[in-house]
Every structure is written in structure tokens, then in C-alpha cells.
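Heads up: the structure comes next, in C-alpha cells.
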Amino acid sequence: MNAPITRELTYSQAIQEALAQAMDADPTVFLMGEDIGVYGGAFQVTGDLVHRYGEDRVMDTPIAELGAAGVAVGAALAGCKPVFEFQFSDFSALALEQIVNQAAKIRFMLGGKVSVPLVMRFPAGSGTGAAAQHSQSLEAWLAHVPGLKVVQPSTPYDIKGMLLAAIDDPDPVMVFEHKLLYKMKGDVPAEPYRVPIGKAIVRRAGSSISIVATSIMVHRALEAAEILAGEGIDAEVIDLRTLRPIDRETIIESVKKTGRLACVYEGVKTLGIGAEISAIVTESEAFDYLDAPILRLGGAEAPIPYNPVLEKAAVPQTDLIVTRVRELLSGRI
Amino acid sequence: MPIEVILPKVDMDMAAGTISRWLVKDGDRVKKGATIFEIETDKSTMEVEAPGDGTIGQISAKEGAVVPVGVAVAFIFGEGEDASAIRLPSAVPAKAAEAPRLLVASAEIAPISSGDSSKPRATPLARRIARSHGLDLTAIAGSGPRGRISANDVQLQLKAPAAKSVQANIDYDLVPIDGMRRTIAERLTLSKTTVPHFYLSAACDMEKLLKLRAEINAVENLLKLSVNDFIVKALALALRQIPEANASWSDEGIRRHRAVDVSVAVAVEGGLYTPVVRAAESKTLGQIGAEVKDLAARAKDRRLQPSDFAGGTTTLSNLGMYGIESFAAIINPPQATILAVGAATRRPVVVGEEIRIGTRMDCTLSCDHRVVDGALGAQLLSAFRDLIEAPLRLLV
């Protein structure tokens, strides 16, 4: 047997490879989205796939998210495996009826006789100067809906493996991709592989505090952890990877070890994933191990501003993570 | 809804205040506007008024407690209201943050009590460790915000028996540092370590001034003037004559002040204040005398307002009443000068070729060399001496 081949790919190349391998393996897999064909996608993720797989499998849709999402749900019910791309995650607001009331519900309402093997991809997050209607992080909205699975892969390796796992999954899986990650490079095996949905991963082991982060915040948390390490603060960084179903065990075990918890995420702080992580800890046996208040660092309670300085200030940055964790560890919070 | 009584912010850079005295107790009826407690900040004592009518209750900060600005220290209940209508954490002295250090040194001084000592603030982990060792959390000083006990505090307490044996050997009393002492320590350390001081001394002939003062004070129905009042006026007029010295250093540039505001050092129990006689160069001796008297009286009662001691372009420190002949003072930053004045004493002086008995007062001017050079300082002190020695000029 040949040794497995691993190359350096960007996050968006890893997505494209996953999509191609899924289409190669299963003729029922096809792609839908606005400008994903000849144009190659708003973020050039689908690239030249239309030339390789044809317009029937790399399908441009009209600018009508609700109708297109309805087509995708219908195709999934009829035995296909559609992978639907939103141009910006913000536009998913138009398709919520199909996502929340149809895709998430049908399996339950029909007694498990059918399922909706739909994958939706959401280019999300701020930092691109695209202002309030193109920069949101709405993953917590969908993670609130039973019947949906919601993932936020943070590396090229994870996005390929989780996308393939999502396409395998019999239920609707919402894949949130931070736009700033598309150009990020990382080692990706050439062969298809799966990264399980619902499993968090410890990216950096530590003993002073558990930082549970999602998506791009994982990288900022890791940077912060390196800076804090120079001050004798040994942070453990957990990449949550999946919002629903959430990996309680990894979080609880980590907090039992460190006694402190910080949640770092880009979505608006209030009623965001940080609240859920905090609640999981305080409801669990990890409560008795807490030695400091729980810290939540999330997005500002405001639309994402266009002004680049304000845009940066509206979501947690590495400096903020360092400062706030330092304050917590020195007993000032 | 019960009305919260909070510790107000009375000074720009104030983060916390000490409750020096409660004038009411739980259950007292209060009217809006009535003084209910007094707080001591770094600089002054202020009265706090009731924010509404009702019955006072839930007083959570004892006298002497250091409370962060904005924290509720009591509630005012309306008809039929009781504590069940509120759900807020009780205020706990922030001073407890210093406790672990104090605990080791001297347990009886450590301010470990919280507002509601039956329910100490502690992290879940601290509670768990205390529980497993059978420790009483109320006996542990918390190092966290508002006295919160962390696991580390409990661990320190577990090791405490060893520390207590050290305590027996302590042969001093530890005096807690209050706001005023801390301010004095910080400002004067800053001054003596960052301001390049130099000192100029001169003796002033006091014969004419003392004679003039005796004449003025012999007039009935006039406020009696002190020697110090003349000195304030002379210092102000001298700075008016040498305006380059009425200045202070700043990173943007040297600020040359338009008015001469003389800070007057007033010793009080436990420290000192420097209330300001503003535009002293334009005031009469009588006005200065009345003003200094009022400021000094209010300083001794710790009743000065922050505006009474803010600013000042020079300071006068007079220790003549203690029989001190001469001394050098530390500049009160950001001012550039301070005049240290000793007692007017009878001493041998040379007049022509003879030795006679004269009355002299030694003065030492401390200057910030960044702003005032030697020759400029000398001109200032010399102008001051000329005014003291020709005191009629202080009257016109």
C-alpha cells in the first residue's frame, strides 16, 4: 500500500476537494448556489467544478434563497444529496422557512420514515470590510433548532473531513465557514476522510484556564495562549468544532482540570454559544471545580460596522483575549 | 421598589471610598436630602444624602469599610416593602483584597469581614476544598474582587498554623494606611524621585513687619492678622513680579499661570491638607486672613471640598509655630516652587560694624529646576524678602 499523501491546501481548496470527492463517490451529490458555476462562487470556493461536473451537478440558482432552498430540501427528500452554498451566511435569513420549518422538522413529523440529507454552507463572519449585512455570525440561530446539526470547522483539515461527514449524514447539516479562513493553509490528506460531527478537540493542552473557542477565534485563542504562556499562564484551548450536537464531555473534563473557563466566539455575546457553554459547565459536576467567574468574549451588541477600526473592535481580537484572561487569572474579575 | 443607596463618585479619579461614619441605622426613617453617611476619599470627607424618603435598611458596609464607587451600601424601603424586594449582592470591603498578606502578619488587623459574614463569597472550588477540610469560610480572607475567596486563599489558610507562630514575634503595631496617607506617600515619592529639586535660603528682617502687624492688630473690630497672612501675600506678590516662576512643568510645555494661587499647608490629625488661596496677589491681607482661617478650620474637620485643594501654583509651608528655625520642603507637584518658613527669632545681626539684636525669619525656597533655574529662583526669593522687609507694600 502507498503511504498516505498529504499536501498543503488552503481552506477553500480543501472544501473544493471534498466536494469533488463526494461527487466522484456518489452520483446523487450535487451543488447549488448563486454564481457557483461559471463564476466559481463569491469566494471562488467551487472554482472550476462546473467544467468538471457540468451544470446539472454544479447548479447556479436565481437570486431567490427561499425558493432555491426549497428545491434543495425537495431534492434531498427525493433521494439526492444537495450541497447548498449561500453567497453570504447573512442571506440565510431569506431561507429560514425551508431550513427551520421544513428541513429540520420533516424527519420528526413523518415518524422517521424520511430524512433530509441536506448540507448547507454559510460563508460567515466579519473582517472583510463587507459591513453589517454581509458580516454576521448567525450560527447560534440555527444551533437553537433541534433537527439541524451545526458545525464550524476552523482548519483546512477539519473542513474537508467535516464536509464529507456532513454529506454522509442523513440529516441536515449547516456548515459555517469563516470568510477570513478561506485563504488559511494547512496540511490536508489527499484521500477522503471524515472528521466526526459532535466532537470538540483540544488544540493546546494547559492547566490554568480552559478557553473554548469557535471558528477563527480558535486561532486567536491559540495566539493569546502563546503570549500568556510567557507570563506563566498555561491556557488550554478547545476548538468546539460543532455547536449542535455540542460536545459536553470535552468541555466539562477540561474545566474540571483547570478550574476556569473563557468562551471566545464571534457571534453577538448575548444569547450566543458562550452562554450555552457556561450553562453546561455550571449544570455539570465541573461547577464544583470552578475557581473564578466564567468569562465570555463575544461580538459587540451592534451590527458589524463598516469602518475598519470599529469592525475590528466589534469582535474579540487576540489582545482582548490576552488582557481579559490575564485579569481573570490575577483575580481582578 | 426599594431605593438603592450607592457610594457616589465625588471626585474624578475616585474608584472607592471609605465609609467613615453612618448617621442612621437600620430601621431609621429618612427624608430625601437628609445626610445619611459620610465618606472619606483620598482627599476629603463628603456627606451623602438620602436619595428618597422611607425607612433605611440592609446597611451592608460597616464604618471603615472601603467600598467601590457605585456599589449599593443600603436601601430605603417604602411603605410595606422589605428586603425580599431586592436581590443584590451585599457590598463587601474591597480592602479584603489585601488580606492574605495581613493575615500572615497580624490576624487581628486583617479586615476579613464581609457585609454579611454568614454568607462569604467564595468560588465553588474554594467551597469544595474548605468543605473537604472542615474549614469555616467565614474565617478566611478572600483575595478576589469584593473579598471573594478562591481555592488559593483556602490553601493559604490550610497552611496558616505555621504562619501564626511567626506572629508571636512581631513587636510592632501595624497601622492601616488610609486614603490621605497613601496620597501623601504617592505624591511626595513622585515629587522627590522625579522632580529635580534645588534649594535657596535667605533670612528676612522681620522688625518692620512685626511692628506693622502689631499696629494693625491693635485696631478694634478688625480681623487679627497672623504673620502667615503677610507671608502668603508677599509670596503671591513676589510671583506676580517674577511671573516666569509662577509656572509648572508638563510634557506639552511649561505652563505659565496667569493667577497666583497659593496652597497653604495645614497639618491635621493623621496628615495634612493644602487648601488654596486663589489669586492671592489681588486679595487684601484681611481677605487672605479670613480665607486661610476658614480653610484651616474646615481642613481640621476634614470638611474641605475637592475644589478647595485642587490646583495651586505654589505652596507655603510654615513650621514657625513649632519653633523650627529652618527647613527644606518637598515640592507639591505639579507646582514648581514651595517656600518653607521657619520661626521669626531674635538673634545677633551685623549692622554696619556693630553686632546688634535683630529679628530674623529663615526661608528656604525649593525649586523645580526644569522650570525655575538658580538665578530665577534667587530673583523670586529676593523679591519676597524685599516685600517682607518693606511690608507697607503689602497693604497697597
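So the values come out like this:
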read-out: Subset tally (residues that are outside any strand (DSSP E or B), surrounded by fewer than 19 Cβ atoms within 10 Å (Cβ to Cβ), of a type in the set (D, E, K, R) and touching a residue at least 60 places away in the same chain (Cβ under 8 Å)) for the stretch B:1-60; value: 2
read-out: Lone qualifier among B:A328, B:A290, B:A279, B:A296 - being under 18 Å from B:L381 (Cα atoms) and in contact (Cβ under 8 Å) with a residue 12 or more places away in the chain; value: B:A328
read-out: Top-ranked residue of the stretch B:63-108 - restricted to ones that are in a loop (DSSP other than H, G, I, E, B) and modelled with pLDDT of 80 or more, ranked as nearest to the other protein chains (Cβ to nearest Cβ); value: B:E63
read-out: Members of the stretch A:283-293 that are in contact with a Lys or Arg (Cβ under 8 Å, 6 or more places away or on another chain) and either free of Cβ contacts under 8 Å to residues at least 40 places away in the same chain or among the β-branched types (V, I, T) (or both); value: A:S284, A:E285, A:A286, A:D288, A:Y289, A:L290, A:D291
read-out: Residue check, B:L295 in contact with a helix residue (DSSP H, G or I) (Cβ under 7 Å, 6 or more places away or on another chain) and over 30 Å from B:E47 (Cβ atoms); value: no
read-out: Tally of residues being more than 13 Å from the chain's Cα centre (by Cα) and farther than 22 Å from A:M23 by Cα across the stretch A:156-186; value: 4
read-out: Residue under evaluation A:D291, criteria (1) in a loop (DSSP other than H, G, I, E, B); (2) charged (D, E, K, R); (3) away from chain B (no Cβ under 14 Å), criterion not met; value: (3)
read-out: The stretch A:160-194, residues that are charged (D, E, K, R) and under 26 Å from A:I5 (Cα atoms); value: A:K160, A:D168, A:D169, A:E177, A:K183, A:K185, A:D187, A:E191, A:R194
read-out: Test: residue in the stretch B:260-267 that is part of a helix (DSSP H, G or I), under 17 Å from the mean Cα position of the chain (by Cα), without any contact (Cβ under 8 Å) to a residue 12 or more places away in the chain and under 29 Å from B:V48 (Cα atoms); value: no
read-out: For B:Y172: the one exception among (1) surrounded by fewer than 17 Cβ atoms within 10 Å (Cβ to Cβ); (2) closer than 20 Å to B:L319 by Cβ; value: (2)
read-out: Test: A:E266 is surrounded by fewer than 19 Cβ atoms within 10 Å (Cβ to Cβ) and modelled with pLDDT of 95 or more; value: no
read-out: Residue within the stretch A:258-268 that is farther than 19 Å from B:P124 by Cβ, more than 14 Å from every other protein chain (Cβ to nearest Cβ) and part of a helix (DSSP H, G or I) present; value: no
read-out: Strands (runs of 3 or more DSSP E) (entirely within the stretch A:112-188) containing at least 2 residues that are out of contact with any Asp or Glu (no Cβ under 9 Å at 6 or more places or on another chain) and in contact (Cβ under 8 Å) with a residue 40 or more places away in the chain; value: A:173-178
read-out: Within the stretch A:305-325, tally of residues that are in a loop (DSSP other than H, G, I, E, B) and touching a residue at least 40 places away in the same chain (Cβ under 8 Å); value: 6
read-out: Answer residue from the stretch B:155-202, given it is in contact with a strand residue (DSSP E or B) (Cβ under 7 Å, 6 or more places away or on another chain) and of a type in the set (V, I, T) and is modelled with the highest pLDDT among those; value: B:V195
read-out: Total residues in the stretch A:294-304, condition in contact (Cβ under 8 Å) with a residue 24 or more places away in the chain and assigned to a loop (DSSP other than H, G, I, E, B); value: 5
read-out: Scope the stretch B:258-278; condition of a type in the set (A, V, I, L, M) and surrounded by 14 or more Cβ atoms within 10 Å (Cβ to Cβ); matching residues; value: B:A259, B:V260, B:V262, B:V264, B:A265, B:V266, B:A267, B:V268, B:V276, B:V277
read-out: Unmet criterion (only one of (1) touching a Leu at 6+ places or on another chain (Cβ under 8 Å); (2) at pLDDT 75 or above; (3) within 14 Å of another protein chain (Cβ to nearest Cβ); (4) crowded, with 19+ Cβ neighbours inside 10 Å) for B:P124; value: (4)
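Listed here are the residues, each with its yes/no results for (1) within 30 Å of A:N307 (Cβ to Cβ); (2) under 14 Å from the mean Cα position of the chain (by Cα); (3) modelled with pLDDT of 95 or more.
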site: A:A140; (1), (2), (3): yes, yes, yes
site: A:V145; (1), (2), (3): no, no, yes
site: A:L148; (1), (2), (3): no, yes, yes
site: A:S154; (1), (2), (3): yes, yes, yes
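A quick yes/no check of all residues on (1) in contact with a Gly (Cβ under 9 Å, 6 or more places away or on another chain); (2) surrounded by fewer than 21 Cβ atoms within 10 Å (Cβ to Cβ); (3) within 14 Å of chain B (Cβ to nearest Cβ):
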position	(1), (2), (3)
A:I238	no, no, no
A:L243	no, no, no
A:I251	no, no, no
A:E285	no, yes, yes
A:A302	no, yes, no
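Let's see how each residue does on (1) in contact with a helix residue (DSSP H, G or I) (Cβ under 7 Å, 6 or more places away or on another chain); (2) of a type in the set (D, E, K, R):
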| position | (1), (2) |
| --- | --- |
| A:A42 | no, no |
| A:G67 | no, no |
| A:K81 | yes, yes |
| A:S89 | no, no |
| A:K105 | no, yes |
| A:L110 | no, no |
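Results for (1) surrounded by 14 or more Cβ atoms within 10 Å (Cβ to Cβ); (2) of a type in the set (S, T, Y); (3) over 25 Å from B:V195 (Cβ atoms); (4) modelled with pLDDT of 95 or more, shown as yes or no for each residue.
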residue	(1), (2), (3), (4)
B:I216	yes, no, yes, no
B:V219	no, no, yes, no
B:F230	yes, no, yes, yes
B:K233	yes, no, yes, yes
B:R298	yes, no, yes, no
B:R303	yes, no, yes, no
B:T315	yes, yes, no, yes
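The values are calculated or read from the model by the stated rules, or taken from the named source; none is laboratory data. Everything numeric in this text was worked out from a predicted model, so none of it was measured. Methodologically, a virtual Cβ is constructed for each residue, glycine included, from the backbone with ideal geometry; neighbour enumeration extends over all protein chains shown.
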